[in-house]
Amino acid sequence: MPVRIRPEKQAIVADLKEKFSRAKSVVLADNLGLTVAQMTSLRRELRAVGAELKVAKNTLIRIAAREVGIEGLDGYLHGPTTLAFSYDDETAAPKKLKEIFEKEKEPKLVVKAGILENRVVDAESVKSLADLPAKEVLLAQVLGGIQAPLQGVAGAINGLLASFAYALDARIRQLEGAA
């Protein structure tokens, strides 16, 4: 049975659906008493890395998630929920949240779960995502891994060519000496 939503709430659900559809990853966190100034600062810092912070009612989050095909959020939707959407890089919001709150003894924002590629992941997976190196570093590592064997092959071929050249030169000198 479809859930009836008041018209003013339909706009919020539509906005959440659009954000879920566009986001590469989403972090769901418990807001444990951030002040307005702290939320404003957090929003600004997330915006700088291509992410966005949104606070919404759990019922509206549940409806929007189901409508875009995300299942399994129900167990994490309790208490005040803050969403951090990463649009450009999957690791942007998790990294920034970790950077901001890991130095606090009692963080005001605690990760509950996340959404990655329309699949719900637990808090540990979100923390692992935050620990990944930047996309540029990962690409450099992959290219280095590809390049190393190629450099080895090139070195081996150069060694063979040099050995052949030395042997050819020695044979030429040997023939010149005999003549």
Straight-distance crosslink candidates among lysines, where the alpha carbon sits under 26 Å from K95 and sequence neighbours closer than 8 are dropped: K17, K19, K24, K54, K57, K103, K105, K108, K112, K127, K135
Mean-position separation - Cα centroids, segment 46-91 and segment 97-176, in angstrom: 32
Amide H within-cut-off set for L109, under 5 Å, with H built and near neighbours excluded: L32
The chain: angle of helix 7-22 to the longest principal axis, Cα-based, in degrees nearest 10: 10
Calculated from backbone phi, Karplus (6.51, -1.76, 1.60) coupling profile of segment 85-96 in Hz, x at Gly/Pro: 9, 9, 9, 8, 9, 4, 8, 4, 5, x, 5, 5
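Taking square-rooted eigenvalues a ≥ b ≥ c of the alpha carbon gyration tensor, is segment 133-179 rounded, prolate or oblate, where a/c under 1.5 means rounded and, failing that, a/b exceeding b/c means prolate?
Values: a/c = 11.38, a/b = 7.89, b/c = 1.44.
Prolate is the answer for segment 133-179, as a/c is 1.5 or above and a/b outweighs b/c.
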Coarse-grained scattering of segment 7-132 at q = 0.14, 0.15, 0.19 Å⁻¹, given as base-10 log I(q)/I(0) from a Debye sum over alpha-carbon atoms: -0.53, -0.62, -1.03
Three-way shape call for segment 65-134 based on the alpha-carbon gyration tensor, with the a/c threshold at 1.5: oblate
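All of the numbers you see were taken from the coordinates with simple rules; none came from a lab. Small disclaimer: the values here were computed from a predicted structure and weren't measured.
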